[in-house]
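Where a number appears in this text, it was derived from the coordinates with a stated rule and is not lab data. Computed from a predicted structure; not experimentally measured. When we count neighbours, we look across all protein chains shown, and the Cβ atoms used for this are built from the backbone with ideal geometry, even at glycine.
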Amino acid sequence: MSVITISREAGSGGTEIAEAVAKELGYKLVDKQTIGKLLGKYGLISFSKVYDNAPAFWDAFDSQKSDQREAMVAMMNKAFRAIAKRGNAVIVGRGGYVVLGGFADVLNVRIQAPLEARAKRLREVLKLADFSAAEKDAKERDRVRSLFMESAYGKKVEPASAFDLVVNTEKVPTEKATALIIELARGLEKASGGAKNLASALEVDAVLADAVTEALSD
């Protein structure tokens, strides 16, 4: 069993790649909806709303309410760890690579591309009127994700050193990127067999573990 985390820039094709990888490997795709479902059962009802409106959410807290912020991040981290223990999952975004970095049975991937290439892709996918609208959309998505990562994990930037693989989809077609990740994941399953630092050996909350099993069995 292994886990893949995929961090991606808006419009880079990362979500499509994650979906294709999960389908080919028979892994469960863990996206915002999945995490929201888990956290809803575990005490945080409105995760999706929180994430999509990260700046407004964080700004709502003053210094006396920092414990609420920490509680949300702590619950999300517990969910990541419980998912990793179960294995056979592709975690899309949400800073999964931060929580699961360093485990031998976790492959951390970054999908990115220059702004122009991402805006072009978003214009086609979202059927936006012009390039400037697509570029604005990409920048706004980047801003929300960046603010969330900085507030939750103190990460202003996501350095290449944090990942096992970084792919620029302006130069590497999504099909080839997908095939490469699949090849590495299959190799990881074999190579991590005798390792000691395994996510599959994590100790997790029993209630959350049951919720993960239920959510990922759908």
Please go through the residue pairs Lys32/Lys139; Lys37/Lys85; Lys78/Lys190 and name each one whose alpha carbons sit more than 24 Å apart in this structure.
Lys78/Lys190
So between Lys171 and Glu203, what do we pick up on full extension, going 0.36 nm a residue minus the alpha carbon distance?
7.5 nm
Around Arg8, which amide H atoms from residues at least 5 apart in sequence, or from another chain, sit under 5 Å from its own amide H, with H modelled in the peptide plane?
Gly93, Ile111
Which order, highest average first, do 210-216, 82-88, 33-39, 124-130 follow once you tally other Cβ atoms within 10 Å for each residue and take the mean per peptide?
82-88, 33-39, 210-216, 124-130
Residue order, fewest to most surrounding Cβ atoms within 10 angstrom, among Ser200, Ser161, Ser132:
Ser161, Ser132, Ser200
Pairwise label distance in nanometres, Ala160 with Ala179, each label 7 Å out on the Cα-Cβ vector:
2.3
Hey, can you grab everything whose amide H is under 5 Å from the amide H of Val30? Only 5+ residues off in sequence or another chain; H modelled, so Pro and N-termini drop out.
Val90, Ile91, Val92
For region 200-218 versus region 83-153, the gap between their alpha-carbon centres in whole angstrom
25
